[in-house]
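Report on one structure; see the data block that follows.
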Amino acid sequence: GFDLKALDVLPPDRFGPFIASFAALYRRIFGGALPAVAAVGGHAVAGGAILALACDRRFLADGDGRFGLTEVDLALPLPAGVHHLLRAAAGDHRALEAGLFGRLYSPREALTAGFADRLVPPDELLASALGEARELAEKPRDALRAIRQALRGPVCRALEEADDRVDEEFGRWWFSAEAKGRRAELLERLSARSGGEG
């Protein structure tokens, strides 16, 4: 996810462009000309989960990693376009569960919920993801692009529209007193766990 400590010191005039560029990144991954395969070897929380959700295929290493969107616990909504990524990955029911509860899924739970496509042993993760990427790369490129455009085009348009003012809307939540307080509490807990090194 995001480096909360670094982002916490950004003023609004720098935070807005940051969040807008992040939204542009996940839209580019989701709607790019070619498929993207994610290999998730550990935790993918908040921003990390969003980038994985933007990919066509998600391979998770079986282990102690966690996958989820915890924004609600920081008094934040999801950036607007992320709702569409969640629905595209796992449908309305699971999208609602993930967003409302801020639940962190084990790799096996993420697979069952539809947030992952494959669960593989950690030492096979990269080879498995690269193998699937190579298989996709061997497909006729124009046909692949046309299929992705037909399936993803409507969601891409919805993403664009939803994220039109993400810098202002998400920024307003980010700088609210409640969100600032919850970030401070979380950073304090993380600092205590790491012996004060933050």
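For every helix of n ≥ 4 consecutive DSSP H residues, a contribution of -39,500 (n - 2.57) applies; sum these over the chain, divide by its total residues, and give [θ] at 222 nm rounded to the nearest 500 deg cm²/dmol. Write out the running numbers ahead of the final one.
Numbers: 9 runs with 120 residues, N = 198.
Dividing the helical sum by the residues of the chain leaves -19500 deg cm²/dmol.
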For this session: Using +1 at the Cβ of each Lys and Arg and -1 at the Cβ of each Asp and Glu in the chain, identify which of L78, F101, I147 lies farthest towards the dipole's positive end.
Result: I147
Problem set entry | Residue-wise HN-Hα coupling along the range 62-70, computed from phi with Karplus coefficients 6.51, -1.76, 1.60 (Hz; x: Gly, Pro) | 6, x, 8, x, 10, 10, x, 10, 9
For this session: Output the relative contact order of the chain, whole-number percent, from Cα pairs under 8 angstrom with separation of 6+ residues.
Result: 28 percent
For this session: For A116, list long-range residues whose amide hydrogen, built 1.01 Å from N in the peptide plane, is under 5 Å from its own amide hydrogen.
Result: L111
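Using only C-alpha atoms and all pairs of different ones, pull out the Kirkwood radius for the chain in Å with one decimal. Show your work: numbers first, answer last.
Numbers: mean 1/r = 0.0564 Å⁻¹.
Answer for the chain: a Kirkwood hydrodynamic radius of 17.7 Å.
Indicate, rounded to the nearest 5 percent, the antiparallel portion of the DSSP beta bridges found entirely in the chain.
The answer is about 10 percent antiparallel.
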Problem set entry | Solvent-accessible ranking of D64, D3, largest area first, probe 1.4 Å | D64, D3
For this session: Would you work out what percent of the accessible area of the range 37-189, with all protein chains in place, is carbon or sulfur (probe 1.4 Å)?
Result: 53 percent
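So what's the projected area for the range 57-146, the Cα convex hull averaged over all directions, in nm²? Don't jump to the answer; show the numbers that get you there.
Values: hull surface 27.7 nm².
The orientation-averaged projected area of the Cα hull of the range 57-146 comes to 6.9 nm².
Residues of the chain: accessible area per residue at 1.4 Å, in Å²?
Numbers: 10810 Å² over 198 residues.
Value for the chain: 55 Å² per residue.
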Exercise. What is the dipole size for the chain, taken about its Cα centre, with +1 at each Lys and Arg Cβ and -1 at each Asp and Glu Cβ, in debye to the nearest 20?
Worked result: 320 debye
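How would you classify the range 130-198 from its alpha-carbon gyration tensor, with a ≥ b ≥ c the square roots of the eigenvalues: rounded for a/c under 1.5, else prolate if a/b is greater than b/c, otherwise oblate? If you can, show how the numbers build up before the last one.
Values: a/c = 6.60, a/b = 1.79, b/c = 3.69.
Oblate, because a/c is 1.5 or more while a/b does not exceed b/c.
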Exercise. How high is the FRET efficiency between E188 and L7 when r is their beta carbon distance and R₀ equals 25 Å, given to the nearest 0.05?
Worked result: 0.95
Problem set entry | Placed amide H near Y105: partners under 5 Å, 5+ positions off or other chain | F67, G68
Exercise. Given +1 on the Cβ of Lys and Arg, -1 on the Cβ of Asp and Glu, and no further charges, what dipole in debye does the range 94-198 carry about its Cα centre, rounded to the nearest 20?
Worked result: 140 debye
Problem set entry | Leading residue at positive end of dipole, the range 4-69 (Cβ point charges), from L4, A38, G65 | A38
Seminar exercise, completed: The size of the Cβ-based charge dipole (Lys, Arg +1; Asp, Glu -1) of the range 158-198 about the Cα centre, to the nearest 20 debye, is 480 debye
For this session: Between the alpha-carbon centers of the range 146-198 and the range 63-95, tell me the distance in whole angstrom.
Result: 10 Å
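The values are calculated or read from the model by the stated rules, or taken from the named source; none is laboratory data. Note that the structure is a prediction, hence the values are computed from the model and not measured. Reconstructed Cβ throughout: ideal geometry from the backbone, glycine too, with neighbour counts over all protein chains shown. What goes into the accessible areas is simple: the full protein's heavy atoms, side chains included, and nothing from ligands, DNA or RNA. Shrake-Rupley method; radii C 1.70, N 1.55, O 1.52, S 1.80 Å.
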